[in-house]
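Each remark here refers to the structure printed beneath this line.
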Amino acid sequence: MAPFLDDAFGNPSGLHGVAQRAKNALEEARERAAALLGADRPLEIVFTGGGTEADNLAVAGAALANGRRGGIVTTPIEHEAVLETAAFCGRLGCSVEYVGVDAVGTVDPVAVAGAVDESTAVVSVMAANNEVGTIQPVAAIASAVRDVNPSTVVHSDAVQAFISEDVTVPVMGCDLIALASHKVGGPKGVGLLYVRNGVELEPVIHGGGQEIGRRSGTHNVAGIVGMVAAMEVTVADRTAFRDRIGVARDSFEEALRAEIPDLEVNGDPQRRLVQHSHVRFPGISAETLLVRLDQAGVAAAAGSACQSGAIEVSHVLDAMGFDETRAGESVRFSFGWVDDVADGSAAAKEVAAVVHEVRR
C-alpha cells in the first residue's frame, strides 16, 4: 500500500503519469480479485467503501434498477447492511419478504424459492452468519430461485465467510457477492461487490461515474491494493487456517464444557464457521460477563451495541427462537490468524474463572 500513499498518490481517473500509475495498480488489483473469485472478467468487480456499501449497492441497486420497484426476499438473520437497505427500499414501494430460519439459524432453499414470484428483483441470503457462524446453503438457494424466476438476481453477503470458506462464483452460484477488506486482515473502509456480467444496478452513490457508473467517487487505491493482497494471503492460507483455528476453537469449547457443564453452544454444530464460538452461560447476563472478560483481557461480543451503549437482544437469536433471557446470556467469541490451541486454552481458563466468580 505504501507507494500509493506517497509518490504514487494519484487519482486513477486522471491522465498524467502519477495518475496512470495509480490506474494501473487499480486495474491490476481488479484482475487479481476477479481471479480469486473465479469471475469471468475483471469488470465484474466493483470496488466499494466496505461491505456495508457493497450490500447496499447489491440489494437497493437490484431492486431499483431501471426505475422499477422490484421485490426483495431475504432472511431475518442478515447483517443490518442488508436488513436496513431492504427496509429503506420497502419505504420506496418495494415489497419485502422475510423467510424464517430454524433453531440453528439455517434457511431452507425451498422456502426461499417459495417466496419468489415474478416481481422479485433480488434474493439476499448471507453465506454465513456473522454472529452464530451458521453456514447457509447458498448454492442450493440460487439454483432453487432460478428455477422459479430466472430473472431474479441472487446476492450473498460473504463478508464473514471469505476467510475460511471457498467463496467463488462457481461454488456459490450467485449474481452478486459482497466482501469486506478488514475481515481478512486488510485495511478498513474498503470492500468489493462481484456483479455478474449483464446484471443491472441502480447506483447508490452518484457523482463522477467511476466503476462504469456503478459506484462514483475517487478510488482508495492504497486500500484496494491492500485488500486484494490480503485476499490473496487468505486464499493461500485458507486450508491451514481452517485446520489450525478449527482445533483451537474446538479445544476452547471442550475446556469450557469441562469447567461449565451447563454451557450451550449456539448455531449449527455441523455447518458453522471454524472461527466462531457462540455460547450461552445460563444464569449470567452477557453484558456483565463481557465487562468482566474485557478486564481479564478477553475480547468478546454479544448482540449489538446501541447508541446508549447497552446491548440489545440479537435479532439473529430472536429469529432462531431464543427468548430474551436465553439470548441475553449468549456471547460470541471469534478466532483469527494469530490464534492457536494455546490461546484457546488460555481464553477458556479466563472465561471459566470469570463465570465461576460471577456465579458465586
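Remarks
- Electrostatic tally near residue 166: other residues with Cβ closer than 13 Å to its Cβ, Lys and Arg +1, Asp and Glu -1, net +1.
- For trypsin sites (Lys or Arg not before Pro), the sites in the stretch 35-109 that DSSP calls loop and that have at most 15 other Cβ atoms within 10 Å are 68, 69.
- Residue order for 277, 95, fewest other beta carbons within 10 angstrom first, comes to 95, 277.
- Taking each DSSP H run with n ≥ 4 as -39500 (n - 2.57) and averaging over every residue of the chain yields -12500 deg cm²/dmol at 222 nm.
- Ranked list, fewest to most other Cβ atoms within 10 Å of each Cβ, for 325, 134: 325, 134
- Packing-based ranking, highest mean first, of 137-146, 211-220, 173-182, 74-83 given that Cβ atoms within 10 Å are counted: 173-182, 74-83, 137-146, 211-220
- Rounded tilt (10° steps) of 138-148 against the dominant C-alpha axis of the chain: 50 degrees
- In degrees, nearest ten, helix 51-63 long axis to first principal axis of the chain (Cα): 60 degrees
- Kirkwood hydrodynamic radius (C-alpha pairs) into Stokes-Einstein, the stretch 169-281, 25 °C and 0.890 mPa s, D in µm²/s: 141 µm²/s
- Considering all C-alpha pairs of the stretch 1-132, those separated by over 24 Å amount to 46%.
- 0 to 90° range, to nearest 10: angle between helix 80-91 axis and the chain longest Cα axis: 60 degrees
- Computed over the stretch 2-233: relative contact order in percent, which uses C-alpha pairs under 8 Å that are six or more apart: 25 percent
- Separation in nanometres of the label points that stand 7 Å from Cα toward Cβ, at residue 350 and residue 16: 5.0 nm
- Annotation: the residues 334, 151, sorted from fewest to most other C-beta atoms within 10 Å of their own C-beta, follow the order 151, 334.
All of the numbers you see were taken from the coordinates with simple rules; none came from a lab. Since this is a predicted model, take the numbers as computed values, not measurements. For neighbour counting, all protein chains shown are included, and Cβ atoms are generated from backbone atoms with ideal geometry for every residue, glycine included.
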